[in-house]
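The structure under discussion appears below in the form of structure tokens.
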Amino acid sequence: MRKVITYGTYDLFHQGHFNLLKRAKALGDYLIVGVTTDNFDLERGKLNVCNNVMERIEAVRATGLADQIIIEEYIGQKIDDIQKFGVDIFAIGSDWDGKFDYLREFCKVVYLPRTEGISSTMLREETRKTIRIGVIGTGSIARRFVEESHFVNSTIITTAFNPDIEACRAFCCAMNVDYPCNSWSEFIKNIDAAYVASPHLTHYDYTKELLKAGKHVICETPFVFSKQEAEELYELAQRNNLILMVALKTAYCPAFNHLITLLKSGVIGDIVDINASVTTLLEEDSQKLDPQQGGGSMNENSCFPLLPIIRLLGTGYLNITFYSKMKNGVDVYTKGIVQYPNSIAAFQVGLGVKSEGNMVVSGTKGYVYVPAPWWKTDYFEVRYEDQNRNRKFFYPYDGEGLRYEIKEFISAVLGSASPFVKLSKTEIITIAMIQEQYIKDKSKVIVIS
Ligand code: C2G
């Protein structure tokens, strides 16, 4: 018996897929079809798959051409499968010409003619609307957002807004954005959604105006500095049937999410302690150190360590104490101690003090170590007393990592994903509340000289 194997995502199953499977089947007597898992596609940069793995498997099964369907979940699996199933021929479409020649060591490799004029990408574009995004603020994070948006389908950056039109023109020219704008009414006309990346203290007003104008919003961190403002904006979004998300990038990256699911499933037992640091050394004239512009380490960086603390230990903390080193009216370093009924957490944030940016989560059976920069999670280790049981986990973290949050935002706007699975309203409101507490309740802040 001659065994043939082929692989694919088979998203929005179409005639091109069918033709390929038919041609592959004709090469032998038994056809094995590998269907990628959702996670594997995410890892290999396919961020816009519409059908989930079950739907895609069903579509392949419905052709009646596959004698066996397997799932493909890791790089290197093709070699394992070929050996495991005793495969004679590996077949794939001609768009992959040459890419799988390395498999010739294990079996025959055949590149089959691809069907012209049809693709999943084309179908996605036909069936999906393109979301026109306007960028508010034209600094370095906005540049990265525009660059990363090119990796997410159904997304087009149509315009940028900055009251300083010269800065806006320079940004649009550098980033290839068509329409620089300093008129609010013009800006609003050309967008379905906006990315707010303006100075911190303007986030609340811009977000509110956008929601009132019927636009979806993804707002940079720090979102807003009070519980009441955060709640009010979420209510406004809900009333107007709009998506409001916060661009806390760590929350959307694949490795961080897997880390959380592992911890929640008890790999290190009960969590007793979390320690996470995020420090960045800045020039003294940075606006992030300007007290008039909401600068300071707590405002700037605390959302990052507070995310795993709140995600893993919840919102029911008993007490928080802050220890801050101040300079020119802002905290250049703050250590926060968060006390829970059965656990404790600590975080360090700094803009004028540098420290190791790792995270350690300690439990009753072992601990997790995430090396710096843990907030751009791509690797972590689960460690035990018996070192033979230690495990290392590697993931891709593509580009600047913003593509993951953009993908979630666009999926939510298009109605194919819930906006709060990866970062809940409660988590964001709690972070805003803690930042508010830091600003307003000075009895909780111990200043170190
Ligand atoms: N295909 C085709 N004609 C088209 C579109 C796709 O022949 N018009 C083929 C592809 O060449 C591939 C198969 O259909 O052999 C599945 O295509 P996709 O679902 O796009 O999967 P792909 O990203 O090519 O993944 O490990 C996965 C494999 O590397 C292939």
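The values are calculated or read from the model by the stated rules, or taken from the named source; none is laboratory data. On a predicted model such as this, the values are computed, not experimentally measured, just so you know. Heads up, the Cβs are rebuilt from the backbone with ideal geometry, glycines too, and the neighbour counts pull from every protein chain shown. Just so you know, the surface numbers come from the protein's heavy atoms only, side chains and all, with ligands and any DNA or RNA stripped out. Shrake-Rupley method; radii C 1.70, N 1.55, O 1.52, S 1.80 Å.
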Considering only protein heavy atoms, what per residue accessible area in square angstrom results for region 338-431 with a 1.4 angstrom probe?
44 Å²
Which semi-axis lengths, in whole Å and largest first, follow from the square roots of five times the eigenvalues of the Cα gyration tensor of region 123-248?
22, 18, 13
Taking a crude spin-label model, label points 7 Å out from Cα along the C-beta direction, the Met1 to Asn176 distance in nm is 5.0 nm
Could you rank the peptides 96-103, 178-185 by their average count of other C-beta atoms within 10 Å per residue, with the highest value first?
178-185, 96-103
So for the pair Lys22, Asn240, with labels modelled 7 Å out along Cα→Cβ, what separation do we get in nm?
5.0 nm
Collect residues whose amide H, placed 1.01 Å from N in the peptide plane, falls under 5 Å from the amide H of Gly295; neighbours closer than 5 in sequence don't count.
Asp290
Once you charge only the Cβ atoms, +1 for Lys and Arg and -1 for Asp and Glu, what is the size of the charge dipole of region 302-449 about its Cα centre, to the nearest 20 debye?
200 debye
Here the gain from full extension of Asp192 to Asp101, 0.36 nm per residue of separation minus their alpha-carbon distance, amounts to 28.3 nm
Label 7 Å along Cα→Cβ of Asn328; region 415-449 residues with amide nitrogen under 18 Å?
none
Ignoring ligands, DNA and RNA, what percent of the accessible area of region 3-118 is carbon or sulfur (1.4 Å)?
51 percent
Just the number, please: carbon plus sulfur as a percent of the accessible area of region 123-248, 1.4 Å probe, no ligands or DNA/RNA counted.
47 percent
Viscosity 0.890 mPa s, temperature 25 °C: Stokes-Einstein D of region 318-398 from its Kirkwood Cα radius, in µm² per second?
165 µm²/s
Taking only the alpha-carbon atoms of region 3-118, what semi-axes of the equivalent ellipsoid follow from 5 times the gyration tensor eigenvalues under a square root, in whole Å, largest first?
20, 16, 14
Sequence-distant or interchain residues sharing an amide H contact under 5 Å with Thr279, placed H: which?
Gly350, Ser355
Gain in span if fully extended, Asn52 to Ser443, counting 0.36 nm per residue against the direct Cα distance:
135.7 nm
Taking max minus min of the Cα coordinates of region 251-448 on each principal axis, largest first, gives extents in Å of 48, 44, 31
Which cross-chain or sequence-distant (5 or more) residues have an amide H under 5 Å from the amide H of Thr155, H modelled 1.01 Å from N in plane?
Ile131
Lys and Arg at +1, Asp and Glu at -1: add these up for the other residues within a Cβ distance under 12 Å of Ser198 and post the number.
-4
For the chain, whose charge dipole is built from +1 on Lys and Arg Cβ atoms and -1 on Asp and Glu Cβ atoms, the candidate among Tyr30, Thr321, Gly415 with its Cα farthest towards the positive end is Tyr30
Of the listed peptides 400-406, 145-151, what is their order by residue-averaged count of other C-beta atoms within 10 Å, with the highest listed first?
400-406, 145-151
Once the convex hull of the alpha carbons of region 11-73 is built, what does its volume come to per residue, in cubic angstrom?
81 Å³
For q values of 0.21 Å⁻¹, compute log₁₀ I(q)/I(0) with the Debye formula on a Cα-only model of region 60-179, without solvent.
-1.16
With every protein chain left in place, what is the accessible area per residue of region 291-333 in square angstrom, probe 1.4 Å?
33 Å²
CD proxy at 222 nm, helix term only [per DSSP H run n ≥ 4: -39500 (n - 2.57); per residue of the chain; nearest 500]
-10000 deg cm²/dmol
Accessible area per residue, Å², region 3-118 with all protein chains present, probe 1.4 Å:
48 Å²
Where only alpha carbons of the chain are counted, the Rg and the Dmax (Å):
24.8, 79
